[in-house]
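First up is the structure itself, then whatever we jot down about it.
The values are calculated or read from the model by the stated rules, or taken from the named source; none is laboratory data. Since the model is a prediction, treat every value here as computed from it, not as a measurement. Here the Cβ positions follow ideal geometry from the backbone for every residue, glycine too, while neighbour counts run over all protein chains shown.
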Amino acid sequence: MVKDNFYLAIKNIRERKSRVFLTLLGIAIGIMAIVSLMAIGEGMNSAVTGELSSLSDMIIVTSSDISIGATGAGTTGGTGEYFNDRDIDDISRINGIRTMSSMLFSKIIVEYNNENQIVSALGIEPKSMSNIFGIDFLGLESGSFMDENDQNKCIIGYNIAHEYFDTEITVGNKIEINNKNFVVNGIYNKQGEGMSTETDDYIHLTLRDFKRITGQENISGIMIRVYNVDNVEYIAEEIEYLIGENHGDEDFANAITMTSIIESIQNVLSIIQAVLIAIAGIALIVASIGIMNTMLTSVLERTHEIGIMKAIGARNSDILYIFLMEGLLISLIGGIIGIMLGIIGSYAFSFLTSGFMGPAPSISPVISIVSIILAVGVSMFVGIISSIYPARKAAKMSPIEAVRYE
């Protein structure tokens, strides 16, 4: 009986090709949107976390009175208290720490081509500088990072190079920082607003040069690398506790791990992806209405046929299954087409946007078996739900009235 219902459903679909095609198109568009958005979302997640995974053994420690990201710092009010030598000694005695580098912050005066600007400067060891800012989607627009023995060299942000002065600064140009001559060794890629690792408006100096030209040695932050990534969260908690004890304030230090940043990014991306998929789901709702409309029209056109089938012994359940099978087939075929279009569309999107991503990591769509199974399941569910009412209406028809219908 199932086989007969299947062939009968195929026959009915073939007889109404134009109408079925439009219904298939609605289902295909909805499934295509879901598959492509899931693939692009997963690809974006993999690209960003892949770039940051190399920093998963890193901890950035800052004072609660100091607002400092991976790029620089600024006071946020409060006591203005900085880290001291005791903090550094206590941290250095913690087991599992591989390297530790201080981070110093100050405002400086930059002169170029007879123009002066006040900008933010960060003092950090050259090796730590390249470790943090050398990943692909940060990186340098031009030039290179400094070596340990370099003096009077700096790395400048994109905005400082291209927007702060009437004449753009290029690698190799000389600028004056607090009346001392420096050579621009590199220029950062443009990061834009809202990046925790934003470098656009900062100048990065070696610790030695920073202390020499500013006269400041207040430690605004500490960059730490650990041996074992699995211990990074435990070490971060221990650092916060020790520094809190030193300063009599358990909230004095904030130890930020790249693992927590990665998790935050993943959560944000998941929310964005869920919203986009929910929007794509609207297309499926419209498609389900299309299936229902198609099936109701089919029931109306085949009223006489339904009456004859009942007159020769067809049960209500047989009529119900015929229409459910027809709706299921329409949605399933539309779903398969939508999956193929979604895969093609996600790769097309990646190709077309690759030239506009700038320094950001390229996005390669991730097509998972789970997303394919989910898409097939959703399309089948939509087909069955949309066909229930028309199928029940057909099954409940009076055979006498149906035979007499013209």
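For the stretch 302-315, the candidate set comprises residues that are of a type outside the set (Val, Ile, Thr), touching a residue at least 40 places away in the same chain (Cβ under 8 Å) and farther than 28 Å from Leu24 by Cβ; within that set, the residue that is surrounded by the fewest Cβ atoms within 10 Å (Cβ to Cβ) is Ala311. Here the helices (runs of 4 or more DSSP H) wholly within the stretch 158-275 that include at least 2 residues being charged (D, E, K, R), more than 30 Å from the chain's Cα centre (by Cα) and not assigned by TED's automatic domain parsing to the domain that holds Ile94 are 232-247. Of the candidates Val299, Val286, the single residue that is in contact with a helix residue (DSSP H, G or I) (Cβ under 7 Å, 6 or more places away or on another chain), assigned to a helix (DSSP H, G or I), surrounded by fewer than 16 Cβ atoms within 10 Å (Cβ to Cβ) and at pLDDT below 80 is Val286. Once the stretch 360-406 is narrowed to residues that are assigned to a loop (DSSP other than H, G, I, E, B) and more than 23 Å from Phe349 (Cα to Cα), the residue that is modelled with the highest pLDDT is Lys396.
Among the residues here, Glu233 does not qualify as crowded, with 21+ Cβ neighbours inside 10 Å and modelled with pLDDT under 90. In the set Asn152, Asn185, Asn173, only one residue is touching a helix residue (DSSP H, G or I) at 6+ places or on another chain (Cβ under 8 Å) and of a type in the set (S, T, N, Q); that residue is Asn152.
Got a sec? Which of Ile124, Ile118 is crowded, with 19+ Cβ neighbours inside 10 Å and at pLDDT 85 or above?
Ile124
Taking the stretch 89-101, which residues are touching a residue at least 40 places away in the same chain (Cβ under 8 Å) and exposed (fewer than 15 other Cβ atoms within 10 Å of the Cβ)? Of everything in the stretch 89-101, just one residue is touching a residue at least 40 places away in the same chain (Cβ under 8 Å) and exposed (fewer than 15 other Cβ atoms within 10 Å of the Cβ), namely Arg98.
Only one of the listed residues (Ala33, Ala39, Ala28) is surrounded by fewer than 23 Cβ atoms within 10 Å (Cβ to Cβ), at pLDDT 80 or above, assigned by TED's automatic domain parsing to the domain that holds Gly334 and not in a loop (DSSP other than H, G, I, E, B). That residue is Ala33. Do the conditions hold for Asn293, that is, is it in the same structural domain as Leu37 (by TED's automatic domain parsing) and over 27 Å from Ala33 (Cα atoms)? Here the answer is no, as Asn293 does not meet what is asked.
When the stretch 304-319 is filtered for residues that are more than 8 Å from Ala395 (Cα to Cα), touching a helix residue (DSSP H, G or I) at 6+ places or on another chain (Cβ under 7 Å) and aliphatic (A, V, I, L, M), the ones remaining, listed by number, are Ile306, Ile308, Met309, Ala311.
The number of residues in the stretch 316-349 that are within 18 Å of Ile367 (Cα to Cα), buried (at least 20 other Cβ atoms within 10 Å of the Cβ) and of a type in the set (Ser, Thr, Tyr) comes to 1. If you go through the stretch 282-307 and pick out every residue that is within 15 Å of Ile13 (Cα to Cα) and small (Gly, Ala, Ser), you end up with 2. For the stretch 123-133, check the following and say yes or no: at least one residue is in a strand (DSSP E or B), more than 21 Å from Asp251 (Cα to Cα), assigned by TED's automatic domain parsing to the domain that holds Asp200 and of a type outside the set (Ser, Thr, Tyr). The answer is yes, given that some residue of the stretch 123-133 is in a strand (DSSP E or B), more than 21 Å from Asp251 (Cα to Cα), assigned by TED's automatic domain parsing to the domain that holds Asp200 and of a type outside the set (Ser, Thr, Tyr).
Residues that are free of Cβ contacts under 8 Å to residues at least 40 places away in the same chain, buried (at least 19 other Cβ atoms within 10 Å of the Cβ) and under 19 Å from Glu115 (Cα atoms) are absent from the stretch 193-216.
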